[in-house]
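Below you'll find the structure, written out as structure tokens, and then a few comments.
The values are calculated or read from the model by the stated rules, or taken from the named source; none is laboratory data. Keep in mind that what you see is a predicted model, and the values were worked out from it rather than measured. Cβ atoms come from the backbone with ideal geometry, glycine included; neighbour counts cover every protein chain shown. These area figures cover heavy atoms from the full protein model, side chains too; ligands, DNA and RNA do not enter into them. Shrake-Rupley method; radii C 1.70, N 1.55, O 1.52, S 1.80 Å.
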Amino acid sequence: MTRFLTTLLALAVISTAIFAQDQASFEKQLEAVKKLGRKKKWAEQLAGLNEMLAEHEGKAYVKARRSDIEEEMRTASFRTQHNADDPKAIFGGEIKSYGRYNAKLKVRYEGKALAKAFKDGVCQLVFEGPFKLEIRGKDYPARGMSVWVGNPQDGSFEAYGGGAILKASKGKTRIRETMLLDRRPPTSNGLIRLKTMVAKRPCVLRKGHSFSFKIKFDKSYVEFRANGKKIGRGKKSKRHFGFFSIEKGFASRITFLEVEGFIDRAWLQGQLDGRRRTLMANFQKTYDAKKSLPAWLYEAEAVNEQRPKFDAKALPGPKVEGLDAEVLRVRKAIQESFKGKKTARAALNAALLAIKDDKLPAITQLWIRGQTKARLGDFEGALVENAQLLEEAPAFDRGRLERAQYYQRLKNLTRCGEILSELRSKYPNDPTLIYEAANLELVSSRNAKGRALLRDAIGRGIADDKILKLDRILVKAEKGPSWTQKFEIKRSTTSCAPT
């Protein structure tokens, strides 16, 4: 008999050791899968998740990490279906060249892409250094054209226009090119004429004809070329202007636009984040984790619970028919009594009047009175009412849980923990009490213990929605936002000279 018991004990020890080894192996695999996600190896991450789940099928320690697995599966599934970090999707048009590390872009817009490139005449691109434009179009207007460059920080603008003016000479009309430099300071709504230049050669631009411009915005000057010929070059303010716009009347005549310059990477990151959020929101409308993960991950363990169950909806005192409806009616009356009250004391006095109701038993009034004081922030007063309540109804465990919650709000975490321990010894598998205990551990900065309580409930399949929601929040907080790869911003000193 002794040998038999020794053998059983040895088998139990071996079984426990194997279980621990399997769990440790799973934890290493899960961390490796997360690492693949951080490295943006989404396809490998998806394959790794499926292999890991197949290897540890049905294990409780896997179920306990369900929130982590759901989060990684959701991200991997989304990323394999959508290239959310592709900057070329932000630029639109035909990408001629793009430098991933220095963000130097050359993009061409024609046809329908032109309309998408502008919003109310403003180009959607933002630059962090010099840039240049090549514009072609048809039906050139007699009044010429102008391009505005703006500073996104203070709203100031400078306008640079290249066009044609008419000069009378001996009864004849001569056409000369001009280059106008106007400025709108951030503190003024008016324009300040900075400079007007008139070219010596005859105008190469003709009203109603096709046209082409090449415009270079450097750090300190702007240069215009029209139909292949230089109109002029003028000094501009040294302030940075990161975007440009073209007046609406002229923009409608453009058939070709090519932009070259160094994209502002902070702006680009914001655009990518916005695009990723939009894609993810649309993805989650149809995504269902249960369809991507095995069914056993959501199966509950059979719990042989012979003890009484905690009733989170119980009312104090003897059962009275229709009492639930009366309590609801009084709660609504209390809510109405709060309206128009400027102080908590005034609100409480009004609420206490609403609670005094012949249709409610005295013990029920006592219970609601304590809840109302707690709602208005008077937790010490709520404890006084609660003590009297439990003295009259010692078996009312819902009131005991509320007492623990009041102590927690008063930062008396030790007394809160003592009450929760008593309740959990009586109702060990109740999800409401597990949630409160886990929340207490988290508030007490014992995060590991709090996570362990949540994972144990999830692993055994007894978690309710509040436990699952809290665990998912913690998983997301631990994982952090999906920032893109880190890079060092170096502002370019290279000029984008027109060709």
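Looking for whichever is under 22 Å from Arg451 (Cβ atoms) and within 23 Å of the chain's Cα centre (by Cα) here; the options are Lys59, Lys63, Lys35, Lys39. Which one fits? I'd like the intermediate steps shown before the answer.
Values: Lys59 fails: within 23 Å of the chain's Cα centre (by Cα); Lys63 fails: within 23 Å of the chain's Cα centre (by Cα); Lys39 fails: under 22 Å from Arg451 (Cβ atoms).
The match here is Lys35.
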Members of segment 364-384 found to be farther than 18 Å from Ala314 by Cα and aliphatic (A, V, I, L, M), listed by number:
Ala374, Leu376, Ala382, Leu383, Val384
If you take the residues of segment 448-460 that are open to solvent by 30 Å² or more (accessible area, probe 1.4 Å) and in contact (Cβ under 8 Å) with a residue 60 or more places away in the chain, which of them is nearest to Lys476 (Cα to Cα)?
Arg455
Looking only at segment 310-332, how many residues end up being surrounded by fewer than 16 Cβ atoms within 10 Å (Cβ to Cβ), assigned to a loop (DSSP other than H, G, I, E, B) and at pLDDT below 85?
5
Restricting attention to segment 117-131, does a residue exist that is among the polar types (S, T, N, Q), at pLDDT below 85 and crowded, with 16+ Cβ neighbours inside 10 Å?
no
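State the number of residues belonging to segment 76-114 that are assigned to a strand (DSSP E or B) and among the β-branched types (Val, Ile, Thr). It would help to see each step written out before you state the result.
As a first pass, look at segment 76-114 and keep what is assigned to a strand (DSSP E or B): 94-98, 104-110.
Restricting the remaining residues to those that are among the β-branched types (Val, Ile, Thr) gives 95, 107.
The total comes to 2.
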Restricting to segment 358-395, count the residues that are touching a Pro at 6+ places or on another chain (Cβ under 9 Å) and closer than 18 Å to Arg331 by Cβ.
6
Any chance you could count how many residues in segment 404-422 are open to solvent by 40 Å² or more (accessible area, probe 1.4 Å) and either aliphatic (A, V, I, L, M) or under 16 Å from Val384 (Cβ atoms) (or both)?
6
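One line per residue, one yes/no per condition, for (1) at pLDDT 65 or above; (2) under 18 Å from Leu133 (Cβ atoms); (3) in a loop (DSSP other than H, G, I, E, B); (4) more than 45 Å from the chain's Cα centre (by Cα):
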| position | (1), (2), (3), (4) |
| --- | --- |
| Lys195 | no, no, no, yes |
| Val198 | no, no, no, yes |
| Ile215 | yes, yes, no, no |
| Gly232 | yes, yes, no, yes |
For segment 379-396, give me each residue that is assigned to a helix (DSSP H, G or I), out of contact with any Phe, Trp or Tyr (no Cβ under 6 Å at 6 or more places or on another chain) and open to solvent by less than 90 Å² (accessible area, probe 1.4 Å).
Gly381, Glu385, Asn386, Ala387, Gln388, Leu390
Condition test on Lys479, is it open to solvent by less than 80 Å² (accessible area, probe 1.4 Å) and over 18 Å from Arg424 (Cβ atoms)?
yes
